[in-house]
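Participant: My questions will all concern the structure given below.
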Amino acid sequence: MAVSSSTIPVRTEASSAYVARGGPAVLLGRFFFVLIFLMSGPMHFTSQTIGYAGSQGVPLASLAVPLSGVIALAGGLSILLGYRAKIGAWLIVLFLAVVTPMLHNFWAVSDPMAHQMQFIMFMKNLSILGGALLITQLGSGPWSLDARRK
C-alpha cells in the first residue's frame, strides 16, 4: 500500500513559530490544571481527610486515601513538568474516575444545600476529567520535558 505524500505531516517554519508562540500559554494552562492536585494531594495524608473519606464509605480509607494522594501528586507533577504527561494524565483520570462517584454522590444527598454542593463538585470533577482525557491524547505541548525528548 503506497502512502500519499499528502498524509505525511510536514514541519514548516510557520508551524514551528506557531508552536513556539503557544508554549507559554500551554505551560500556564498545565500549571492551572494541576494546581488543584498539587495543593490537595498532601491533604490526603491527614487524619481529617482519611476520616472524612471513611465516613463517606470509602473502603480501607487509611490505605486508599494516601494512595490516592500519591496518584494525584504523581499525575499532577508529571503534567506540570511535561514528563510522560500522557501517563500522568491517565493517573489523574484514574484518580477522578474513582474519587468522583464515591465522594460526590449528590444523588444520595437529601439536604438541598448539600445536594447542590455535591452536584457542583461532581460536575467540576467531570470537567477536570475531560481536560485530563485531552492531555492523554494531545500530550503536554511544546514547553515540556516530553517535547525536549523528541
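Participant: Do the sum for the chain: with -39,500 (n - 2.57) for every DSSP H run of n ≥ 4, divided by all residues, what is the mean residue ellipticity at 222 nm, to the nearest 500 deg cm²/dmol?
Facilitator: Rounded to the nearest 500, it is -24500 deg cm²/dmol.
Participant: Grab the other residues whose beta carbon is less than 15 angstrom from that of residue 75, score K and R as +1, D and E as -1, and report the net.
Facilitator: Once positives and negatives cancel, what remains is +2.
Participant: Moving on. To the nearest 0.05, what FRET efficiency results for residue 46 and residue 137 with a Förster distance of 41 Å applied to their C-beta separation?
Facilitator: 0.75
Participant: Can you run the Rg to Rh ratio on the stretch 29-150? Use alpha carbon positions and the Kirkwood inverse-distance Rh.
Facilitator: Reported Rg/Rh, Kirkwood definition of Rh: 1.02.
Participant: Measure off 7 Å from each Cα along the Cα-to-Cβ vector at residue 124 and residue 109, then give the distance between these two points in nanometres to one decimal.
Facilitator: Roughly 1.1 nm, to one decimal.
Participant: Moving on to the next point. At residue 31 and residue 62, where each label point lies 7 Å from the Cα along Cα→Cβ, what is the point-to-point distance in nanometres?
Facilitator: It works out to 4.0 nm between the two label points.
Participant: Still on this model: Using square roots of five times the C-alpha gyration tensor eigenvalues, list the equivalent-ellipsoid semi-axes of the stretch 61-127 in whole Å, biggest first.
Facilitator: Computed over the stretch 61-127, the values are 27, 13, 8 Å.
Participant: Identify which of 129, 103, 28 has the largest mean-square fluctuation in a Gaussian network model of the chain, with springs joining Cα atoms closer than 10 Å.
Facilitator: Maximum fluctuation in the GNM of the chain, among the listed residues, is at 28.
Participant: Within the P(r) computed for the stretch 28-93, what percentage of the Cα pairs occupies the region above 16 Å?
Facilitator: That tail contains 45 percent of the Cα-Cα pairs.
Participant: Anyone know which of 92, 36, 135 comes out most mobile in the 10 Å Cα GNM of the chain?
Facilitator: Largest GNM mean-square fluctuation: 36.
No lab work stands behind these numbers, since they all come straight from the coordinates. In this text the structure is predicted, and so the values were computed from the model without any measurement. Glycine also receives a Cβ, built like all others from the backbone with ideal geometry; neighbour counts cover every protein chain displayed.
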